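All remarks here apply to the structure that follows.
No value in this document is a laboratory result; all are computed from the given coordinates. These numbers were taken from a predicted model, which means no experiment stands behind them. Note that we place each Cβ from the backbone using ideal geometry, even for glycine, and neighbour counts take in every protein chain shown.
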Amino acid sequence: MAVDPPKLRLPPYTALRAFEAAARHNSFVAAARELCVTPAAVAQQVKALEAWLGGALFERHSQGIALTPQGRHARPALSAAMDQMGLAVQNLRSEMRGSELHIAALPALAQLWLSPRLRRLHLDFPGVQVSVTAMEEPPNFKREPFDMGLFYLDAPRKDVRIIALAKDHLLPVCTPKILKTLRVKGKIRLHGQPLLHDTVWDGDWARWLDATSMHGVDATTGPRFSLYSMALQAALDGDGLLMGRECLVAPYLASGKLRAASPIRVPLPTGPNLLLPSHRASHTLTQQFVNWIQMSFSEAASTF
């Protein structure tokens with residue numbers, strides 16, 4: 001009489017995913033943020049996996065968690081498996097859905113650079129469905145359904161090609177009306193003026209003031225906005241001076257709605273970059289869009 005061999009039993013995928021994220025971040029809180037659940041839910045899933053395995057994967061301390069030797073040994077293989085599964089799902093989605101482009105972008109680039117060009121994009125790529133998701137940090141392209149990204153990024157990323165699209169500079173900008181009040185005996189004086197800040201680039205004012213040796217101006221004062229577009233709107237409304245990133249404020253300078261409050265442009269270490277994951281680089285539609293966006297940035301740069 002034949003006896004069937006025992007079949008491999010696997011733990012629940014949600015428990016494996018919770019452990020992998022917590023192990024990678026070394027934090028239940030950061031894992032919960034990534035998985036869009038509560039830290040308690042992550043902790044519960046990890047506990048269920050430990051019960052299934054019959055041993056601990058984390059040591060719990062009052063100041064946080066630490067992987068056990070068994071958990072540390074398992075994490076790289078699980079992470080690689082999660083990455084491969086993500087890539088397989090993305091390739092399957094691409095084959096099933098055809099002409100779609102999913103772009104992740106920094107909110108400022110999505111709102112101020114990409115959004116005004118979407119109509120032209122649709123005309124140049126008829127029949128292609130383009131989706132844009134704004135996010136503060138680049139996604140994990142192996143696990144999230146994005147074909148490319150638009151970000152200011154100066155650090156390399158594994159399996160991602162970084163294409164520099166333009167050089168960028170800092171320069172203070174304001175309305176023409178405010179600019180008139182800054183001129184004192186033929187010179188521009190920023191002392192005592194309200195400074196507008198974007199929280200993502202909160203150090204831009206200090207960078208420009210240090211580079212220009214303009215002392216006596218407190219770079220920490222003034223209102224802060226979580227979106228660069230909100231800070232820009234406040235500048236357009238005449239609420240103060242914004243430290244402009246030239247790639248983003250160029251159209252408003254060209255139209256005369258804003259004026260440069262100083263002729264000094266301070267170069268940034270990095271400008272807007274196109275992030276192209278290696279598994280998407282050979283796709284024809286992706287290559288066509290890369291050429292399109294490079295050409296669009298070149299055209300915009302010619303107006304600076």
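When the inverse distances between all different Cα atoms of region 165-249 are averaged and flipped, the Kirkwood radius reads 13.1 angstrom.
Run the helix sum for the chain: -39,500 (n - 2.57) per DSSP H stretch of 4+ residues, divided by residue count, reported at 222 nm to the nearest 500 deg cm²/dmol. Numbers along the way, then the final one.
Numbers: 10 runs with 125 residues, N = 304.
Computed ellipticity for the chain at 222 nm equals -13000 deg cm²/dmol.
Only one residue of Pro69, Val29, Ala48 has its Cα farthest out toward the positive end of the dipole of the chain, where Lys and Arg carry +1 and Asp and Glu -1 on Cβ, and that residue is Val29.
For the pair region 13-78 / region 131-183, the C-alpha centres are spaced 33 Å from each other. The aspartates and glutamates within cross-link reach of Lys167, meaning a Cα-to-Cα straight distance under 14 Å and a gap of 8 or more places when in the same chain, are Asp154, Glu246, Glu299.
Each label point was placed 7 Å from the Cα along the Cα-to-Cβ direction; for Arg117 and Arg33 their separation is 3.0 nm.
Ranked by how many other Cβ atoms sit within 10 Å of their own Cβ, fewest first, the residues Asp198, Asp239, Asp159 fall in the order Asp159, Asp239, Asp198. Take every Cα pair under 8 Å whose residues are at least 6 apart in sequence, average their separation, divide by the length of the chain, and the relative contact order is 19 percent.
Please work out the Kirkwood hydrodynamic radius for region 149-301, using every pair of different C-alpha atoms, and report it in angstroms with one decimal place.
Working: mean 1/r = 0.0593 Å⁻¹.
It works out to 16.9 Å.
Comparing Val42, Val290, Val89 in a Gaussian network model of the chain (Cα springs below 10 Å), the most mobile by mean-square fluctuation is Val42. Across the alpha-carbon atoms of the chain, the computed radius of gyration and Dmax are 24.6, 104 angstrom.
How would you rank Cys174, Cys247, going from fewest to most other Cβ atoms within 10 Å of each one's own Cβ?
Details: Cys174 26, Cys247 23.
With the sparsest Cβ surroundings first, the list reads Cys247, Cys174.
Calculate the dipole size of the chain relative to its Cα centre from +1 charges on Lys and Arg beta carbons and -1 charges on Asp and Glu beta carbons; express the result in debye to the nearest 20.
Values: 33 positive and 25 negative charges, 102 e Å.
That gives a dipole near 500 debye.
Ranking of Ile162, Ile188, Ile293 by neighbouring Cβ atoms within 10 Å, starting from the fewest: Ile188, Ile162, Ile293.
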